[in-house]
């Protein structure tokens with residue numbers, strides 16, 4: 001017989017190189033309980049079938065399969081989002097992109113917004129949830145990703161204010177908007193081998209790769225934005241940490257009269273470009 005406390009300690013040891021808490025998340029998933037339950041019941045004996053299931057999930061995680069895909073959800077901006085191998089797992093850096101957008105929206109109430117390359121919908125859904133007065137368009141080229149994004153909009157009660165479009169970047173957008181926000185694929189060919197094996201093996205390449213230098217889609221988005229962005233509008237981009245100077249050059253070429261700024265993330269790395277018309 002195995003107590004919750006003991007099997008959780010074993011799982012943590014097996015995933016010693018993984019993010020702290022991954023073993024706990026897997027056990028919560030198996031038992032369909034929260035963290036508080038595990039703490040309060042750590043002396044309880046885990047039934048054999050559930051112990052077996054937990055060990056199977058630990059083996060999958062140890063082999064490199066991302067825990068969010070195993071349990072089917074990932075945290076973002078204080079909410080849990082459905083994820084699948086059809087979408088990128090939300091990253092903490094993208095929460096900072098959302099914070100930039102929220103500040104801009106507070107200064108420009110009533111703005112129309114589009115999230116380009118929405119994936120799981122974490123950006124679009126979070127903006128709609130955090131600012132109940134706005135409606136958000138969300139675009140993705142992947143039909144499978146849009147299924148996930150629509151489920152997240154329903155889960156967080158904003159499905160009536162997030163409108164989904166399938167297509168390439170801004171092409172399917174029916175009308176111009178005031179704010180374009182995008183966390184597009186930005187991994188270049190040279191960078192691909194540097195990614196963690198778990199990312200290369202499990203996350204969708206279409207959500208990561210963007211040509212030789214990683215700027216293929218960002219450059220195309222900026223060109224399309226010429227006819228899809230209202231005067232006095234803005235563009236907020238998440239970029240790769242090596243792409244600051246190159247993205248600034250692209251932005252200055254397309255919007256020479258715009259106010260263009262490069263921002264760092266909490267780690268001090270170049271991560272965001274803002275363009276204010």
Find the helices (runs of 4 or more DSSP H) located wholly in segment 1-67 whose residues include 3 or more that are more than 26 Å from residue 202 (Cβ to Cβ) and touching a helix residue (DSSP H, G or I) at 6+ places or on another chain (Cβ under 9 Å), and list them.
4-14
Kindly list, by first and then second residue, each pair from a residue in segment 40-56 that is over 13 Å from residue 23 (Cβ atoms) to a residue that is part of a loop (DSSP other than H, G, I, E, B) and modelled with pLDDT under 90, limited to pairs with Cβ atoms under 6 Å and residues at least 6 apart or on different chains.
45/1
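Yes/no matrix, rows are residues, columns are (1) under 30 Å from residue 150 (Cα atoms); (2) more than 19 Å from the chain's Cα centre (by Cα); (3) assigned by TED's automatic domain parsing to the domain that holds residue 114; (4) loosely packed, with under 15 Cβ neighbours inside 10 Å:
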| position | (1), (2), (3), (4) |
| --- | --- |
| 34 | yes, yes, no, yes |
| 59 | no, yes, no, yes |
| 71 | yes, no, no, no |
| 80 | yes, no, no, no |
| 95 | yes, no, yes, no |
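Yes or no, residue by residue, for (1) surrounded by 24 or more Cβ atoms within 10 Å (Cβ to Cβ); (2) at pLDDT below 95; (3) closer than 20 Å to residue 85 by Cα; (4) outside the structural domain of residue 242 (by TED's automatic domain parsing):
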{"position": "118", "(1), (2), (3), (4)": "yes, no, yes, no"}
{"position": "141", "(1), (2), (3), (4)": "no, no, yes, no"}
{"position": "144", "(1), (2), (3), (4)": "no, no, yes, no"}
{"position": "178", "(1), (2), (3), (4)": "no, no, no, no"}
{"position": "198", "(1), (2), (3), (4)": "no, yes, yes, no"}
Could you list, in sequence order, all residues of segment 16-28 that are farther than 17 Å from residue 2 by Cβ and crowded, with 17+ Cβ neighbours inside 10 Å?
18, 22, 25
Pairs needed: first member in segment 231-249, touching a residue at least 60 places away in the same chain (Cβ under 8 Å); second member anywhere, surrounded by fewer than 17 Cβ atoms within 10 Å (Cβ to Cβ) and part of a strand (DSSP E or B); C-beta distance under 6 Å; at least 6 residues apart or different chains.
234/276
Going through (1) over 22 Å from residue 150 (Cβ atoms); (2) part of a helix (DSSP H, G or I); (3) free of Cβ contacts under 8 Å to residues at least 40 places away in the same chain one by one, residue 105 fails only at (3)
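The values are calculated or read from the model by the stated rules, or taken from the named source; none is laboratory data. All of these numbers come straight from a predicted model, not from anything done at the bench. With ideal geometry, Cβ positions are generated from the backbone for all residues, glycine too; neighbour counts draw on all protein chains shown.
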